Amino acid sequence: MGSAASIDLREVRKQDLNHVWHPLMQYEGKSEDDLLVIVSADGCEITDSDGKTYLDAYGGIWNVNVGYGRDEIVDAVYEQMKTLPFYPMTQINVPAAQLAGRLAELSPGDLNHFFFVNSGSEANETAIKVARQYGRATHPGESRFKIICRYKGYHGFTMGSMSATGQVRRRAPFEPLAPGFIHVELPTDDDHGADEIARVIEREGPDTVAAVLAEPVVGGGGVHVPPDDYFPALRDVCDHYGCLLMFDEVITGFGRTGKLFAAEHWGVVPDVMTIAKGVSSGYLPLGACAVTEKVWSAFLGGADEGKEFAQVSTYGGHPTCCAAALANLEILTRERLWENSETVGAYLLARLKDMSSPLIKEVRGLGLMLAVELQNEDGSELDRERTNKFGSALRDAGVITGKMSHVMVGSEPVFTLAPPLILTEEQADRIAGAFVTALRAIS
């Protein structure tokens, strides 16, 4: 591969259109010029093939926590590739062991044991298997296989994690999905609290429910922050019925919400926690499923008891990916980036809430995990044409954001923000300014 200047960009666009299958995109009528060709990145900014620079307010896809261009991570990857580029977890590799130890130091409570995989989807798939095996091991004679999840939650693209996902349009093309997944509404200040999950467990039969799986703050489903009493009460519900509380911290982990892990906002320690994204800031793919000592002990037994966890991941615990994660965590903890996420996130949230327009339905979020939901002047959902025009105006103003997609029927006019945690107040002002410009474009 040559430098950006030596690449035939027209040929690249042609190859992409003819051969690359991008996610969530309709190819009927698609042209070569619909997407940007991103050629470089540094800090919070990305640059396209035309030399235009954009503020990446989506942080890749919720994951470039420490920002782009971190030489420490690049150097760690290079050195590891020279010494041991790959070896599976059938033996010990140094970076995986060191990373597990570091994660045990950083994670809430006694989440001390880590099964490494390649992505958040695989981490949640692993958690589902862990919950079911744990349920059978600790409640002999019962069939604890059901997982209670929430509508709008996203847990991944594999069959099990997609079955746990509560997003209608993502699920529909692949149904019927795996059995044993029950969905409840997200909590509000007035309704759908932890007591609703208790009622569902009673209806289903406590001897059939293995776990409750939840994002502490729902991400791709529109950034929904729970009431402060929700997760402490849910912890009590799970303890009462003997089922596991599992937190999907794939997006929220590693400083995104203003704490190192979102669980810390409510002083709750889950039995199982899944991580990915910010663990390596996207420099290389990595995920993990973490469990407490209580859960870990259920997998201990004699050689002939079959209690071991019978799952293998070829690339899980990849030494080079773990080396990248170790360097990433060194940066994140040395710079205490969750504190900047809290401070600049609150500043950006206030700037966005200061916008005065009948087109704004709600601005919400926690730390540097935010969303702006739009509406028509009469309070109805913003139509698709103006929703698309708003997104284009943001990009024209030099800011890349996320957008809720394939969660519900309709235009889904929710624009999401998850910039690198190194974001400055000046850059936050640029984001807010782009939203003001985009609002004018559709007014």
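The values are calculated or read from the model by the stated rules, or taken from the named source; none is laboratory data. Since the structure is predicted, the reported quantities are computational estimates derived from the model, not experimental observations. No Cβ is skipped: glycine too gets one built from the backbone with ideal geometry, and neighbour counts run over all protein chains shown.
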- Message: Yes or no: segment 359-366 includes at least one residue that is closer than 19 Å to Asn65 by Cα and not charged (D, E, K, R).
- Response: yes
- Within segment 412-438, how many residues are assigned to a loop (DSSP other than H, G, I, E, B) and either at pLDDT below 95 or within 13 Å of Glu373 (Cα to Cα) (or both)? 2
- Only one of (1) buried (at least 22 other Cβ atoms within 10 Å of the Cβ); (2) within 26 Å of Leu417 (Cβ to Cβ); (3) not charged (D, E, K, R) fails for Val291. Which number is that? (2)
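Criterion first (of a type in the set (A, V, I, L, M, F, W, C) and farther than 28 Å from Gly367 by Cβ) does Ile73 satisfy it?
On the way: of a type in the set (A, V, I, L, M, F, W, C): yes; farther than 28 Å from Gly367 by Cβ: no.
No.
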- Message: What's the number of the only condition in (1) modelled with pLDDT of 95 or more; (2) surrounded by fewer than 22 Cβ atoms within 10 Å (Cβ to Cβ) that Thr257 fails to meet?
- Response: (2)
- Query: Is there a residue being basic (Lys, Arg) and out of contact with any helix residue (DSSP H, G or I) (no Cβ under 7 Å at 6 or more places or on another chain) anywhere in segment 292-312?
  - Reply: yes
- Task: Kindly list, by first and then second residue, each pair from a residue in segment 10-22 that is touching a residue at least 24 places away in the same chain (Cβ under 8 Å) and closer than 14 Å to Asp34 by Cβ to a residue that is among the aliphatic types (A, V, I, L, M) and outside any helix (DSSP H, G or I), limited to pairs with Cβ atoms under 7 Å and residues at least 6 apart or on different chains.
- Result: Val12/Val37; Arg13/Val37
- Query: Thr47 fails exactly one of the following numbered conditions: (1) surrounded by fewer than 16 Cβ atoms within 10 Å (Cβ to Cβ); (2) in the same structural domain as Gly398 (by TED's automatic domain parsing). What is the number of that condition?
  - Reply: (1)
- Determine which member of the set Gly365, Gly316 is within 25 Å of the chain's Cα centre (by Cα), assigned by TED's automatic domain parsing to the domain that holds Pro413 and either crowded, with 17+ Cβ neighbours inside 10 Å or in a helix (DSSP H, G or I) (or both). Gly365
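So which of Ala393, Ala371 ends up being outside the structural domain of Arg170 (by TED's automatic domain parsing), at pLDDT 95 or above and under 19 Å from Asp34 (Cα atoms)?
From the options Ala393, Ala371, the qualifying one is Ala393.
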- Message: Checking Asn63 against (1) within 26 Å of Arg336 (Cβ to Cβ); (2) surrounded by fewer than 18 Cβ atoms within 10 Å (Cβ to Cβ), only one condition comes out false. Which one?
- Response: (2)
- Query: What number of residues within segment 288-325 satisfy the criterion of being over 20 Å from Tyr87 (Cα atoms), in contact (Cβ under 8 Å) with a residue 40 or more places away in the chain and of a type in the set (A, V, I, L, M)?
  - Reply: 4
- Task: Would you mind stating whether Ala324 is part of a strand (DSSP E or B) and either over 19 Å from Arg440 (Cβ atoms) or among the polar types (S, T, N, Q) (or both)?
- Result: no
- Can you confirm whether segment 94-101 contains a residue that is touching an Asp or Glu at 6+ places or on another chain (Cβ under 6 Å) and in contact (Cβ under 8 Å) with a residue 24 or more places away in the chain? no
- Given (1) touching a Ser or Thr at 6+ places or on another chain (Cβ under 7 Å); (2) under 23 Å from Asn65 (Cβ atoms), Leu439 misses just (2)
- Taking segment 262-310 on its own, how many of its residues are assigned to a helix (DSSP H, G or I) and touching a Lys or Arg at 6+ places or on another chain (Cβ under 9 Å)? 4
- Query: Based on what the data block shows, is Leu349 in contact (Cβ under 8 Å) with a residue 40 or more places away in the chain and under 30 Å from Ala441 (Cβ atoms)?
  - Reply: no
